[in-house]
């Protein structure tokens, strides 16, 4: 059995959620169903709905967590580079105090420190841009609100 091709999810497309098959509705005449069969059908439909909601939430949250992990990697890289660049700052300061030699080797260390700080700033900016794109699982929230509304209506109709 082959599955139809599903469109790929991307930055502008929401993540592809595999569908959960619904049970076929049996054809019945008016007054044909017993209370037990109606309860069984309701239980089956609620179970399917809950599974679909959980699958949707899992898919959306997984996509958002991946964005967060990617952004946090940039923050970690920025932190590591900034930490290692402090070594060069201290060497540059030491060499600045050691100006008894006219070659002034400290300037090379200071330039290296400046380049590393610029690199750390760039990594921090990229991390911020990645983390800023994280959004709430809007489709899951909307679907859950619709489900609550349906169940609330059903409860008020039965009363």
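Figures for the structure shown
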| read-out | value |
| --- | --- |
| Qualifying residue in region 105-115 (condition: assigned to a helix (DSSP H, G or I), under 26 Å from residue 68 (Cα atoms), touching a helix residue (DSSP H, G or I) at 6+ places or on another chain (Cβ under 8 Å) and at pLDDT below 90) | no |
| Residue within region 95-104 that is surrounded by 16 or more Cβ atoms within 10 Å (Cβ to Cβ), in contact with a helix residue (DSSP H, G or I) (Cβ under 6 Å, 6 or more places away or on another chain), part of a helix (DSSP H, G or I) and at pLDDT below 75 present | yes |
| Yes/no for residue 69 being out of contact with any helix residue (DSSP H, G or I) (no Cβ under 7 Å at 6 or more places or on another chain), under 19 Å from residue 128 (Cβ atoms), free of Cβ contacts under 8 Å to residues at least 24 places away in the same chain and assigned to a helix (DSSP H, G or I) | yes |
| Single match in 54, 76, 81, 50 (criterion: modelled with pLDDT of 85 or more, over 27 Å from residue 147 (Cβ atoms) and under 22 Å from the mean Cα position of the chain (by Cα)) | 76 |
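The values are calculated or read from the model by the stated rules, or taken from the named source; none is laboratory data. A quick note: this is a predicted structure, and the numbers were derived from the prediction, not measured. Positions of Cβ are generated from backbone atoms using ideal geometry, with glycine treated the same way; all protein chains shown enter the neighbour counts.
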